[in-house]
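Colleague: Okay, handing you the structure first.
The values are calculated or read from the model by the stated rules, or taken from the named source; none is laboratory data. Bear in mind the structure is a predicted one, so any value in this text is a computation, not a measurement. Don't worry about glycine lacking a Cβ; one is built from the backbone with ideal geometry, like all the others, and counts go over all protein chains shown.
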Amino acid sequence: MRKMDRLSPGLLLIFALSACALLALSGPAWSSGALEIHCLDVGQGDCTLIISPTGGTFLFDAGYNGQGTGTVLPHLSSLGLTALDYISASHYHADHIGGIDEVVASLGIDSVRVAVLDRGWSYTTQTYNSYASAVAAKRTTIYDGQVIDLGGGVTITCIAVNGNGQLSPPYDDEENDYCVSLLVQYGAFDFWVAGDLSGVNSSYYHDIETSTSGQAGEVEVYRVDHHGSSSNSNSNLVGALSPEVSIISVGSNSYGHPTQTVIDRLVSADSYIYQTHTGSGGTIPAGSGEVVDDHIIIEVTTTSYTVNGDQYPLSGAGVEIARDGLWVASYPNPFSSSTTLSFSVPGGASAGIGIYDVTGRLVKSLPAPDFSGDVQSVVWDGRSADGREASAGFYFIRISSEPGSVTHKVIKSR
């Protein structure tokens, strides 16, 4: 549901003013009135900063050693943040926890207002030892089902930890299996982030993703597990999450991340992909995503959210998505010049066909075909009502009839 238009001047002003706020140790100063999720570009690693509308802060991972000092701390400084409510580690691999001790050493352990959350237990690397030593005074084990109220209507729920009940102590097998999985919620917006959570059964991994797939429901944004590795983002999880947007954090690597298999799976789920870097693996098909080469920042209000300025509506805003026994499909999708819409309306009732942009604006109405069979089809030529070529991006095809309505997302690639 990608929109090519940028933020309104009002939202830009709010964002600019909030970026200038200073944080006092006695309480948060960030109050943009929106949830912000900063997926930081830390190369081949992960780092996610969550800021609630009332200034609550949660840092999840901090990239490899050196990224805490080189990337995370400068970004926090640019936001005026000198303290954090929570820091959390998804698991103990160096590309996730390497920068945490650097952040804590710079800000001071007392700058962590509430806790440093992780999966407990231990690990046998020097990077882990540095992390454990730095956070010891505030270290707390997160538990399955724990809900963190970040303020301003934002909650963070632990969906899984230490294998989601699929594995038993002492939790000393493949570290990815034990990842902390989080669901961030704000109104109608849902965001999934789970480090390198495993999604296959192999000589190294156990499929933990499948056991979590029914726990979160559909999400707007999926922070792609394990940098797009073929051992993660399995079809069960992607199908259950049905993400509108997928974010891949990746850098140059020797693993082939992100894999074409995962990219294709996300594209097949109609998820638009934002990627921090090109990586060393598959390629996003034209019209299905973009390589940002920078941080990816999500801003969420009560009616919509933006990803690096591209705006998406939330349920109940713009075009309402309903499923009342109707269905609609399109081919090709993505398309460049035209796409054929195939649909069915129960009982052959009359139907209205509208093309909408992501703000809910009607772009064009299409004539309903003769309902002489079970499946009907109509062609959209990619043009608006005035005959002009519609811009590239996401559009909604809404089929409305007496039983209800159904909405289908299409991608115009150029």
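Colleague: Restricting attention to segment 31-43, report how many residues are in a strand (DSSP E or B) and either among the aromatic types (Phe, Trp, Tyr) or surrounded by fewer than 24 Cβ atoms within 10 Å (Cβ to Cβ) (or both).
Modeller: So the answer is 2.
Colleague: Still on this structure, I have one more. So, of the residues in segment 284-302 that are outside any strand (DSSP E or B) and surrounded by 15 or more Cβ atoms within 10 Å (Cβ to Cβ), which turns out to be modelled with the highest pLDDT?
Modeller: HIS295
Colleague: Do we have VAL116 as over 20 Å from VAL42 (Cβ atoms), of a type outside the set (D, E, K, R) and touching a strand residue (DSSP E or B) at 6+ places or on another chain (Cβ under 8 Å) here? I'd like the intermediate steps shown before the answer.
Modeller: Working: over 20 Å from VAL42 (Cβ atoms): no; of a type outside the set (D, E, K, R): yes; touching a strand residue (DSSP E or B) at 6+ places or on another chain (Cβ under 8 Å): yes.
So VAL116 fails the test.
Colleague: Which pairs turn up if I take residues in segment 151-167 that are closer than 15 Å to PHE191 by Cβ and outside the structural domain of VAL180 (by TED's automatic domain parsing) and look for partners that are modelled with pLDDT under 95 and assigned to a strand (DSSP E or B) with beta carbon separation below 8 Å, at least 6 apart in sequence or on another chain?
Modeller: none
Colleague: Something else about it: When you look at TYR171, is it touching a helix residue (DSSP H, G or I) at 6+ places or on another chain (Cβ under 6 Å), touching a residue at least 40 places away in the same chain (Cβ under 8 Å) and among the aromatic types (Phe, Trp, Tyr), yes or no? Even if it seems obvious, please write down each step before you answer.
Modeller: On the way: touching a helix residue (DSSP H, G or I) at 6+ places or on another chain (Cβ under 6 Å): yes; touching a residue at least 40 places away in the same chain (Cβ under 8 Å): yes; among the aromatic types (Phe, Trp, Tyr): yes.
Spelling it out, TYR171 is indeed touching a helix residue (DSSP H, G or I) at 6+ places or on another chain (Cβ under 6 Å), touching a residue at least 40 places away in the same chain (Cβ under 8 Å) and among the aromatic types (Phe, Trp, Tyr).
Colleague: Going residue by residue through segment 223-236, is there one that turns out to be surrounded by fewer than 18 Cβ atoms within 10 Å (Cβ to Cβ) and more than 20 Å from SER413 (Cβ to Cβ)? First the steps, then the outcome.
Modeller: So the first thing to find is which residues in segment 223-236 are surrounded by fewer than 18 Cβ atoms within 10 Å (Cβ to Cβ), and the list is 235-236.
Subset that is more than 20 Å from SER413 (Cβ to Cβ): 235-236.
Yes; the residues of segment 223-236 include at least one that is surrounded by fewer than 18 Cβ atoms within 10 Å (Cβ to Cβ) and more than 20 Å from SER413 (Cβ to Cβ).
The rows are residues; the columns are (1) assigned to a strand (DSSP E or B); (2) more than 20 Å from ILE37 (Cα to Cα); (3) of a type in the set (Val, Ile, Thr).
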position: LEU150; (1), (2), (3): yes, no, no
position: ASN162; (1), (2), (3): no, yes, no
position: VAL184; (1), (2), (3): yes, no, yes
position: VAL200; (1), (2), (3): no, yes, yes
position: GLY214; (1), (2), (3): no, yes, no
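Colleague: Among the candidates ILE159, ILE142, single out the residue that is among the β-branched types (Val, Ile, Thr), at pLDDT below 95 and surrounded by fewer than 24 Cβ atoms within 10 Å (Cβ to Cβ).
Modeller: The unique qualifying residue is ILE159.
Colleague: Suppose we filter segment 225-250 for residues that are farther than 23 Å from VAL42 by Cβ, under 13 Å from the mean Cα position of the chain (by Cα) and of a type outside the set (A, V, I, L, M); how many remain?
Modeller: Here the count works out to 2.
Colleague: Anything in segment 248-268 that is in a helix (DSSP H, G or I) and in contact (Cβ under 8 Å) with a residue 40 or more places away in the chain? List them, or say none.
Modeller: Within segment 248-268, just LEU266 meets the criteria.
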